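One structure below.
The values are calculated or read from the model by the stated rules, or taken from the named source; none is laboratory data. The shown structure was predicted, so the numbers you read here are calculated from the model rather than taken from an experiment. Positions of Cβ are backbone-derived with ideal geometry, glycine not excepted, and every protein chain shown enters the neighbour counts. Remember, those area values only see protein heavy atoms, side chains included, never the ligands or the DNA or RNA. Shrake-Rupley method; radii C 1.70, N 1.55, O 1.52, S 1.80 Å.
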Amino acid sequence: MKTYDIVIVGGGPAGLAAAVAAKEAGNDSILILERDHELGGILNQCIHNGFGLHTFKEELTGPEYAYRFIKQVLDLGIEYKLNTMVMDISAEKIVTAMNREDGMFQIPAKAVILAMGCRERSRGALNIPGYRPAGIFSAGTAQRLVNIEGYMPGREVVILGSGDIGLIMARRMTLEGAKVKVVAELMPYSGGLKRNIVQCLDDYGIPLKLSHTVVDIEGKEHVKAVTIAEVGPDRKPIPGTEERYTCDTLLLSCGLIPENELSRAAGVKMSTVTSGPIVNESLETNIPGVFACGNVLHVHDLVDYVSEEAKRAGQNAVKYINDGCKLPAAEDKVIEVTATEGARYTVPSTINVDRMDDLLTVRFRVGDVYKNSFVSVYFDDERIMHNQKRILAPGEMEQIVLRKSQLQEHEGLKKITVKIEKE
Ligand SMILES: Cc1cc2nc3c(=O)[nH]c(=O)nc-3n(C[C@H](O)[C@H](O)[C@H](O)COP(=O)(O)OP(=O)(O)OC[C@H]3O[C@@H](n4cnc5c(N)ncnc54)[C@H](O)[C@@H]3O)c2cc1C
């Protein structure tokens, strides 16, 4: 089997953008490995519009957005293998994969880009009481059934969880003639984008019940009814608040989990908050030459940010190879980036000023809804940024931009802290 400079695991929007950027940065030895029968990742089943407003300044559907990048991959002659499952990545960057034509094969690479995306949290992980009849689907599975396979999962629907996929499926099922009776959300706020609540629920008169959860599922062969109840601040159901909805379908949209089994097995250090790799300013993990981007790194709200981030991973992989695959610079040059007081995590977690670009975007999410608050950034104990925000919500990704010159001016800087302040 041929060797490659850069092996990219996953041919979704992250893998595609990383490949294009690496090629444009001058590397001709790139291979994308994708387990599915086509490139494009999960966007192939997202046939609604709203993609690409930032990247292309127009509203595209998921497949249209993906195709913009697939076309670049084809035009640039970047190699890819479909129906190819990556089964292992070693710390020495030997990628083991398998497909029908080649059987099991190994590719030694100088750099590996992790772009495996995420999967939905399963019902098992959610511990819903009641029977386990047919008619319970994750929202993503229902999306695939309706948009790709051409099947309707049911006609009367209850949705648990208000993540973006659940909101989008509430509208999709309605447009296909189903009655979506309610969306129940355990938290006191939605996990999805505000624009999706307006466009997918409010516009169709679908009620969203915050601080509610499913307490019973009825039906032995098939779902017959679902009971939801209000939860208190301890997230436990409040007796007497139960409401029963007859339905034949329960869709679950209760969060996404980055697909990091391969990363973990390779020895990549993971964040307990994002369940994605801990990365530095170059989006490089603790294994030199192994980079991560897209939903495998942290779950994004907009694919535009995935593409932007992946572009940096591709460029940095080329930089790493062109620099002779050196180990990262000494620890004493590393500035720690931490999130506290309302901010849950940051990507990246460390910055080496010598290696950072002139501008560096630091992305994070908040853990609650904050109104009329400030995103503050501290360089050690000195507050250097204090940006007022009308609203901050867990469903929306936030970002700050750091200037290299700003960090260089603060000699001896050890720690950058992002926090949410009331004033
Ligand atoms: C069900 C679902 C629906 C979504 N709907 C929307 C939406 O409507 N709007 C929106 O903005 N965002 C949506 N998202 C978020 C969306 O995933 C991201 O915006 C974007 O697709 C992330 O790109 P990615 O390349 O990181 O991941 P993905 O698009 O998930 O691509 C990852 C790719 O890696 C491949 N892969 C994984 N493991 C391996 C392996 N071991 N070997 C080989 N290949 C592998 C997968 O097959 C996949 O093609 C959805 C996510 C999910 C899970």
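Among the listed pairs LYS23/LYS404; LYS110/LYS404; LYS93/LYS319; LYS181/LYS224, which have their C-alpha atoms separated by more than 21 angstrom in this model? Going by Cα-Cα distance, LYS23/LYS404; LYS110/LYS404 fall outside the 21 Å limit. Less than 14 Å Cβ to Cβ from GLU58, Lys/Arg counted +1 and Asp/Glu -1: what total charge do the surrounding residues give? Cβ neighbours under 14 Å give a net charge of -1.
Shape class for the stretch 314-375, computed from the alpha carbon gyration tensor (a ≥ b ≥ c): prolate, with a/c not under 1.5 and a/b above b/c.
Site pair THR338 and GLU218 shows an inter-label distance of 5.2 nm when each label is modelled 7 Å from Cα along Cα→Cβ.
Taking 0.36 nm per residue of sequence separation and removing the Cα-Cα distance, the VAL401/MET104 pair yields an extension gain of 102.6 nm. In the context of the full set of protein chains, residues of the stretch 331-423 present 52 Å² of accessible surface per residue (probe radius 1.4 Å, heavy atoms only).
Run the reach check for LYS236 against aspartates and glutamates, Cα to Cα strictly under 14 Å, same-chain hits fewer than 8 apart removed. What comes back? List returned: GLU185, ASP216. Convex hull of alpha carbon positions in the stretch 200-250: directionally averaged projected area 4.3 nm². Counting Cα-Cα pairs of the stretch 331-423 in 10 Å increments starting at 0 gives whole-percent bin shares of 17, 53, 26, 5. Once you divide the Cα radius of gyration of the chain by 2.2 N^0.38 Å, the number left is 1.02. Overall, the ratio between the Cα radius of gyration of the stretch 177-305 and 2.2 N^0.38 Å, rounded to two decimals, is 1.38.
Against the main long axis of the alpha-carbon atoms of the chain, helix 62-75 sits at an angle near 30°. Between the stretch 182-258 and the stretch 110-150, the C-alpha centres lie 17 angstrom from each other.
Enclosing the Cα atoms of the stretch 70-183 in their convex hull gives a volume equal to 189 cubic angstrom per residue. Among ALA266, ALA139, ALA111, the largest mean-square fluctuation in a Gaussian network model of the chain, built with springs joining Cα atoms closer than 10 Å, belongs to ALA266. Of all accessible surface on the chain at a 1.4 Å probe, what whole percent is carbon and sulfur? C and S fraction of accessible area: 49 percent. Decide, for the stretch 122-254, between rounded, prolate and oblate: order the square roots of the alpha carbon gyration tensor eigenvalues as a ≥ b ≥ c, take rounded if a/c falls under 1.5, and otherwise choose prolate if a/b is larger than b/c, else oblate. Note, shape of the stretch 122-254 comes out oblate.
The residues packed around GLY10, meaning those with a beta-carbon under 10 Å from its beta-carbon, carry a net charge of -2 if Lys and Arg are +1 and Asp and Glu are -1. Shown in residue order for the stretch 315-326 are the 3J(HN,Hα) couplings computed by the Karplus curve 6.51 cos²θ - 1.76 cosθ + 1.60 at θ = phi - 60°: 5, 5, 5, 5, 4, 4, 5, 5, 7, x, 6, 6 Hz (x for Gly and Pro). The peptide list 280-288, 385-393, 224-232, put in order of mean Cβ contacts within 10 Å with the highest first, becomes 280-288, 224-232, 385-393. Per the Cα gyration tensor, the stretch 347-393 maps to an equivalent ellipsoid with semi-axes of 24, 13, 9 Å, ordered largest to smallest. Among beta bridges from DSSP that stay inside the chain, the antiparallel ones total about 60%. Within the same chain, aspartates and glutamates fewer than 8 places from LYS414 are excluded, and of the rest, those with a Cα less than 16 Å from its Cα are GLU281, GLU331, ASP332, GLU336, ASP354, ASP380, ASP381, GLU382.
Comparing Cα centroids, the stretch 391-423 and the stretch 1-53 end up 30 angstrom apart.
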